[in-house]
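All remarks here apply to the structure that follows.
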2 protein chains.
Amino acid sequence: MRIIVDAFGGDNAPLEVIKGAAEAVAAYGHTVVLAGNEAIIRQTAKENELSLDGMEILDCEDVISMHDAPRSILREHKNCSMAVGLKALAAGDGDAFVSAGSTGALLVGGTFLVKRIKGVSRAALAAIMPTNKGPVMLVDAGANVECRPEMLHRFGQMGSIYMTDVMGGGTPARVGLLNIGTEDEKGSDLQHATFELLKNDNLNFVGNIEARQVPFGEADVVVADGFSGNVLLKTMEGTADLIVQKLKAMFKTNLFTKLAYLLIKPQMGAFKKLLSTDEYGGAPLLGLKKPVIKTHGNAKANAVKNAIRVAAEFAAADVIGKIEAVVATEAEDEGEAE
Amino acid sequence: MRIIVDAFGGDNAPLEVIKGAAEAVAAYGHTVVLAGNEAIIRQTAKENELSLDGMEILDCEDVISMHDAPRSILREHKNCSMAVGLKALAAGDGDAFVSAGSTGALLVGGTFLVKRIKGVSRAALAAIMPTNKGPVMLVDAGANVECRPEMLHRFGQMGSIYMTDVMGGGTPARVGLLNIGTEDEKGSDLQHATFELLKNDNLNFVGNIEARQVPFGEADVVVADGFSGNVLLKTMEGTADLIVQKLKAMFKTNLFTKLAYLLIKPQMGAFKKLLSTDEYGGAPLLGLKKPVIKTHGNAKANAVKNAIRVAAEFAAADVIGKIEAVVATEAEDEGEAE
């Protein structure tokens, strides 16, 4: 597989990105195409004794930052590393694309440079979160603040294909609809109409799911509008961060608590893994014609390495071909939104 | 103060409710009026050697359950303990009302039996959650799944009064608007319009707040529609529950981890307190003509005791008089929604 990577996306670019890419090349044998300033990439690799074997570079000067307007990826920053990488992906010069850069810019760039699958009116950001029973996909996690039932239905279909074929080893993913109660009549018109569409589709639909069930892994795909999906994602992150911060402080209180930490340390690895999203590599953008993975803005080498692995799995599982097959028979009667 | 308590609301009624009431009478000197079947209350008190001193009983046979339709509190269950208690409150036979029963029934009962403050179009469920910097009020936490900007503005005003005067000792509460980013332009039309209303009001408005900042206490009042507010509340609860469950299992792994627990135990109290909502007593219903507190369905004696304390503070702070004063000058031009 050839994976294109935005070498200048995220808080720790380019060093951690190059490091993660080198680890991925060594571990999985993929070819990595780094998009970004070649001189800086070579200099960074040299200074940090990182091998660029198995990598190619798409040289470009510009970088789009978190502070730039997302749409500037089509204009002022049309030659930034993210745009150059996405254009190479669209042109067929790679199987998938990974970036830790601005989510908004990646969505705009993905939609207009890579383009959407015919019949998909909006691309979705599909965050993957840890739960008690393995990963859960939250779709949409913030790309579309206002949604219609047909959009949520599509998110459920796409999420189901991804979680079944990429993460689930073929076991049909359990699809749940985020709601404020499990009874069928809960929620607003949006949830009622979406419930009917999901129920009547050929999915492993488990009905409404409350936010408090999500961390316990009661669904593999949680369908939500981007506003409440983002609230769920960020609340899980914030709550876990606070608790971990408090635990760390607690173990540092005195000699007894430090000893307690040493005694519990062998178990801490599994505990930390439960709370970490690094292993999942990042959030796929669903609905585009090519695989795009958004990894966390603060991703370090390990997360980048995993994102490259997941991007390759995304491509290998032919998720996009399967989405195309599903929507071909029932193209949304909506025209193309922006 | 005279606090009316639904003796048959919640999973642990009537025993834990009576126990909590007895503790509240002893600790705070309030008079508690228990609504519910007198024979069962007396029998339960006798069997558990609980004193009913300082309590009165409003005898009634019926109970409304979690499975009954909320509206049945006005019809089939119009003489249930919750309805009888609310009617006594409306008639002036008490200063505040506490129930651990069905939230939906309490909202319907509160709205139609106690009635809303003139100028308030919807009552809100205002959950109070622990954070790193003390309690945060989340309003609305699930009563109103679809909201207009004027409703969210009102929630912010009411929440501000409550958190300033009941929980904040007079320090102006920091009011934040739940959004999917901190920039002014984030969110949908609902957030944009609400942002302007809150900004132009005489509040300590701190702008948009992301869900991940909420557990860190970056606002004292978080204004949200009932759908995303409920998602935030339930996600915090679910995430904390899962982590605590995992921690407990971790400490039980072997002799070393059990020893670790003993060493860390003195610090565990503060940690558990951080995650517990018991101390806050429950969620006020804001917008009604009298103070009503919804305590958790699984509330035990300590939570009931605290709910009675908070209900008395709610009444003593004249929150309702202050809300009336604010809305009197700018009554919402909406008519009465149900």
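For the stretch B:124-278, a crude dipole built from +1 on the beta carbon of Lys and Arg and -1 on the beta carbon of Asp and Glu, taken about the Cα centre, is about 1200 debye to the nearest 20. What the Cα atoms of the protein assembly as shown give is an Rg and a Dmax of 27.1, 85 Å. For A:Ala270 and B:Lys272, a Förster radius of 25 Å and the Cβ-Cβ distance give a FRET efficiency of 0.70, rounded to the nearest 0.05. Reported to the nearest whole Å, the Cα centre-to-centre distance from the stretch A:38-88 to the stretch A:104-151 is 24. With a simple spin-label model that places each label point 7 Å from the Cα along the Cα-to-Cβ direction, the separation between A:Glu324 and A:Asp241 comes to 3.9 nm. Taking the label point 7 Å along Cα→Cβ, B:Ser188 and its counterparts in the other copies are spaced 0.5 nm apart, in ascending order. Note on the stretch A:271-323 and the stretch A:161-231: Cα centroid distance 20 Å, given to the nearest whole angstrom.
For chain A, the alpha carbon convex hull comes to 143 Å³ per residue, rounded to a whole number.
Summing Cβ point charges (Lys, Arg +1; Asp, Glu -1) relative to the Cα centre of the protein assembly as shown gives a dipole of roughly 2280 debye. Between B:Gln43 and B:Asn79, the C-beta separation translates, for a Förster distance of 25 Å, into a calculated FRET efficiency of about 0.75.
For A:Leu138, what is the net charge nearby, where nearby means another residue's Cβ is under 12 Å from its Cβ and Lys, Arg count +1, Asp, Glu -1? Every neighbour counted, the sum reads -3. Ranked from shortest, the separations from the 7 Å Cα-to-Cβ label point of B:Lys248 to its equivalents in the other copies are 2.6 nm. Can you compute the helix-only [θ] at 222 nm over chain A? Use -39500 (n - 2.57) per DSSP H run of at least 4 residues, normalise by all residues, nearest 500 deg cm²/dmol. For chain A, the value works out to -13000 deg cm²/dmol. Using a cutoff of 8 angstrom between alpha carbon atoms and counting only pairs six or more residues apart, the relative contact order for chain B works out to 24 percent. Pairs exceeding a 32 Å alpha-carbon distance, out of B:Lys46/B:Lys289; A:Lys273/B:Lys272; A:Lys46/A:Lys252; A:Lys46/A:Lys265: B:Lys46/B:Lys289; A:Lys46/A:Lys252; A:Lys46/A:Lys265.
Count the net charge of all other residues whose Cβ sits under 13 Å from the Cβ of B:Gly85, scoring Lys and Arg as +1 and Asp and Glu as -1. The partial results should precede the final answer.
Working: positive: B:Arg2, B:Lys78, B:Lys87, B:Lys290, B:Lys294; negative: B:Asp6, B:Glu56, B:Asp59, B:Asp62, B:Asp93, B:Asp95.
The answer is -1.
Classification of the stretch A:240-325 by its C-alpha gyration tensor yields a prolate form. The axis ratio a/c (a ≥ b ≥ c) is 1.5 or more, and a/b outweighs b/c. Note on B:Lys115 and B:Leu255: the model spin-label points, each 7 Å out from Cα along the C-beta direction, lie 7.1 nm apart. Quick note on the stretch B:124-278: its Rg to Rh ratio, both from C-alpha atoms and Rh being the Kirkwood radius, is 1.08.
Just to verify a number: FRET efficiency for A:Glu56 and B:Thr31, C-beta to C-beta distance, R0 = 56 Å, to 0.05?
Details: r = 80 Å, r/R0 = 1.43.
E between A:Glu56 and B:Thr31, to the nearest 0.05, is 0.10.
Accessible surface of B:Arg309, taken over heavy atoms with a 1.4 Å probe and every protein chain present, rounds to 50 Å². Each Lys and Arg Cβ is given +1 and each Asp and Glu Cβ -1; about its Cα centre, the stretch A:1-134 then shows a dipole of about 860 debye.
Under a 1.4 angstrom probe, counting protein chains only, how are B:Arg122, B:Arg42 ranked by accessible area, largest first?
B:Arg42, B:Arg122
Label-to-label distance, B:Asn202 versus B:Asp184, with points set 7 angstrom from Cα along the beta-carbon direction: 2.4 nm. For chain B, the share of DSSP beta bridges that are antiparallel, to the nearest 5, is 25%. When restricted to Cα atoms, the stretch A:14-170 yields an Rg and a Dmax of 17.2, 52 Å, respectively. Across the options B:Met250, B:Tyr162, B:Gly229, the greatest Cα extent toward the positive end of the charge dipole of the stretch B:124-278 (unit charges at beta carbon of Lys, Arg, Asp, Glu) belongs to B:Met250.
The values are calculated or read from the model by the stated rules, or taken from the named source; none is laboratory data. Only a predicted model underlies this, so the values are computations on that prediction, with no experimental measurement involved. Every residue, glycine among them, receives a Cβ derived from its backbone with ideal geometry; neighbour counts consider all protein chains shown. Heavy atoms of the whole protein, side chains included, go into the accessibility calculation; ligands, DNA and RNA do not. Shrake-Rupley method; radii C 1.70, N 1.55, O 1.52, S 1.80 Å.
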